[in-house]
Amino acid sequence: MTTLPRRYHITTFGCQMNKADSERMAGILEDMGFAWSEDPNDADLILYNTCTIRDNAEQKVYSYLGRQAHRKRLQPNLTLVVAGCVAQQEGEALLRRVPELDLVMGPQHANRLRDLLEQVFAGSQVAAVEPVHIMEDITKPRRDSNVTAWVNVIYGCNERCTYCVVPNVRGVEQSRTPEAIRAEMEELGRQGYKEVTLLGQNIDAYGRDLPGATAEGRHQHTLTDLLHYVQDVPGIERLRFATSHPRYFTERLIRACSELPKVCEHFHIPFQSGDNDILKAMSRGYTHEKYRRIIDTIRQYMPDASITADAIVGFPGETEAQFEKTLKLVEDIGFDLVNTAAYSPRPGTPAALWENQLSEEVKADRLQRLNHLVSIKAGERSERYLGRIEEVLVEEQNTKDPSQLMGRTSGNRLTFFPGNIAELKGQLVKVKITEFRAFSLTGELDLGN
Ligand code: SAH
Ligand code: SF4
Ligand code: F3S
């Protein structure tokens, strides 16, 4: 009989989906009797929830793993788990590369952690990477915040962007039912949560796979229908959603966002490139003109909405002139934030095999130029808040300055202001903005009303 380990530590890499999966896995571990250990070196079970979107994300995982594998040789009772997207990509090969591992499990298996660990404790080394239907999880997630929460609405992605590993590692689209989503939100409302972000890699695909789709491909459960269905959950005061895909984005969705008071004035719509030939090579399925029309329509309905996006520089074959079209789009739109990245060839993706790869120098130079423009434009966008009174949801103390609180505006700008966390945590307060920076604001509580 092995004695059950008692303490666990989870390190999470990657996107919000991984963070949401980690919270569910932590909930399962606590349900099994494990307690959180802040220091991984004191833990009996270490779980890495990994990301492979770019090569540097993947390499980071191997360096962490190397250290823990070494520790395991000294402490054989340590249980080592690799979950998430690297686990899915590498599968059994990861067990061969790091034989100290006990369990390798893809993202679709997150809710099965208990079963899988039971096999490990019975003496097996386990790899769970086959595609499965994702079960509803019956345990409660252990969430990092007690003010804001993520709620998955659709897992996986059916797109085939030529640079992207996500469909390989997250599998096909699987929507949760509107009832399951609403039930989770009602529970969050009862527990005192104030803000929910609905999550999907391509959230506009929500519902396509649920019963009720018609032969013409129309379906009754769209993201817009879902927003209408969950917008009145008691206690939840703010609703967000991400990530939107320009190919499927509808005016009906924009209208719903402008009409439903709890839906925040923020759209995250990656454009990836401002050049039509590059967009085509990426298989994105839209043009920059279409993207601009979407933004124009948003601004007709909601002139002040925040717009954020993702972009890739140095895609195979990208010329200087094509890159400049990305700069032009950023210049013209005036984004509140753009997450930028240099193209990284990923195993199992079409673009990785093309011969027209660019040098690291060219990619780094373009990335730096784009980032420079992004922060100038973000600063211009931030300036509009100066002197205004904004509604801010208080999340926590500012870790760098405990006299300050931290929250976000409806448009998702980080906002700092003096206040008492014990008094204000989880409240929507009015803050008068007195200073702005590219990506954050400072203000003071407005006690005028
Ligand atoms: N589903 C979302 C984004 C998923 S991945 C969408 O369709 O936009 C998050 C971001 O990582 C992407 O928007 C893209 O900008 C970036 N990314 C994905 N694959 C990449 C790669 N191979 N190299 C560099 N950046 C990449
Ligand atoms: Fe990747 Fe494209 Fe799917 Fe986004 S839509 S996750 S970029 S394949
Ligand atoms: Fe990374 Fe997987 Fe998310 S590859 S970005 S953790 S879907």
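What FRET efficiency, computed as 1/(1 + (r/R0)^6) with R0 = 41 Å and r the Cβ-Cβ distance, is obtained for residue 440 and residue 92, rounded to the nearest 0.05? According to the calculation, E is roughly 0.40. Binning the alpha carbon pair distances of the chain at 20 angstrom intervals from zero yields the distribution 23, 56, 21, 0, expressed in whole percent. Based on every Cα atom in region 386-445, Rg and the maximum pairwise Cα distance Dmax equal 10.0, 29 Å. A P(r) calculated from all alpha carbon pairs of region 56-201, with 10 Å bins opening at zero, reads 10, 33, 33, 21, 3 percent. So, in Å, what gap is there between the alpha-carbon centers of region 311-349 and region 239-261? Using only Cα atoms to place each centre, the spacing works out to 24 Å. The GluC sites (Glu not before Pro) found in region 317-357 that occupy coil by DSSP, while having at most 11 further C-beta atoms within 10 Å, are 355.
When Rg and Dmax are taken over the Cα atoms of region 277-320, they come to 13.1, 37 Å.
Length gained on full extension, residue 421 to residue 300: 39.8 nm, using 0.36 nm per residue less the C-alpha separation. What's the center-to-center distance, using Cα atoms, between region 152-212 and region 426-448 in Å? Centre-to-centre distance over Cα atoms comes out at 32 Å. The charge dipole of the chain, taken about its Cα centre with unit charges on the Cβ atoms of Lys, Arg (+1), Asp and Glu (-1) only, comes to about 160 debye. With R₀ set to 22 Å, the beta-carbon distance separating residue 277 from residue 371 gives a calculated FRET efficiency near 0.40.
Annotation: extensible slack from residue 225 through residue 31 equals 66.4 nm (criterion: 0.36 nm per residue apart, minus Cα-Cα distance). Does region 108-170 classify as rounded, prolate or oblate by the C-alpha gyration tensor (a ≥ b ≥ c root eigenvalues; a/c under 1.5 gives rounded; else a/b over b/c gives prolate, otherwise oblate)? Note, shape of region 108-170 comes out oblate. For the chain, the Cys residues with no second cysteine's beta carbon closer than 4.7 Å are 15, 51, 85, 157, 257, 264. When you restrict to C-alpha pairs under 8 Å that are six or more residues apart and normalise by the size of the chain, the relative contact order lands at 10 percent.
Given their separation in residues at 0.36 nm each and the Cα-Cα distance between them, residue 136 and residue 247 gain 37.1 nm when the chain is fully extended.
Taking every alpha-carbon pair within region 294-363, the share separated by more than 14 Å comes to 66 percent. State log₁₀ I(q)/I(0) for region 221-369 at q = 0.15, 0.18, 0.21 Å⁻¹ as given by the Debye formula over alpha-carbon point scatterers of equal weight, solvent excluded. Here the Debye-derived log intensity ratios amount to -0.81, -1.03, -1.26. Within the chain, the whole DSSP H helices whose Cα atoms reach 24 Å or more along their own axis and whose mean Kyte-Doolittle score is at least -1.0 are 360-383.
Separation of region 37-51 and region 72-125, taken as the distance between their Cα centroids, equals 13 angstrom.
Each residue of region 77-93 was assigned a 3J(HN,Hα) from its phi angle through the Karplus curve 6.51 cos²θ - 1.76 cosθ + 1.60 (θ = phi - 60°); the sequence is 6, 5, 9, 10, 10, 10, 10, x, 6, 5, 4, 5, 5, 8, x, 4, 4 Hz, with glycine and proline shown as x. Classified by the C-alpha gyration tensor, region 7-128 has a rounded form. Its axis ratio a/c, with a ≥ b ≥ c, is below 1.5. Here the calculated FRET efficiency for residue 232 and residue 353, from their Cβ-Cβ distance with R0 = 45 Å, stands at 0.35, rounded to the nearest 0.05.
No lab work stands behind these numbers, since they all come straight from the coordinates. Quantities reported herein were computed from a predicted structural model and do not represent experimental measurements. As a convention, Cβ positions derive from the backbone with ideal geometry for all residues, glycine included, and neighbour counts pool all protein chains shown.
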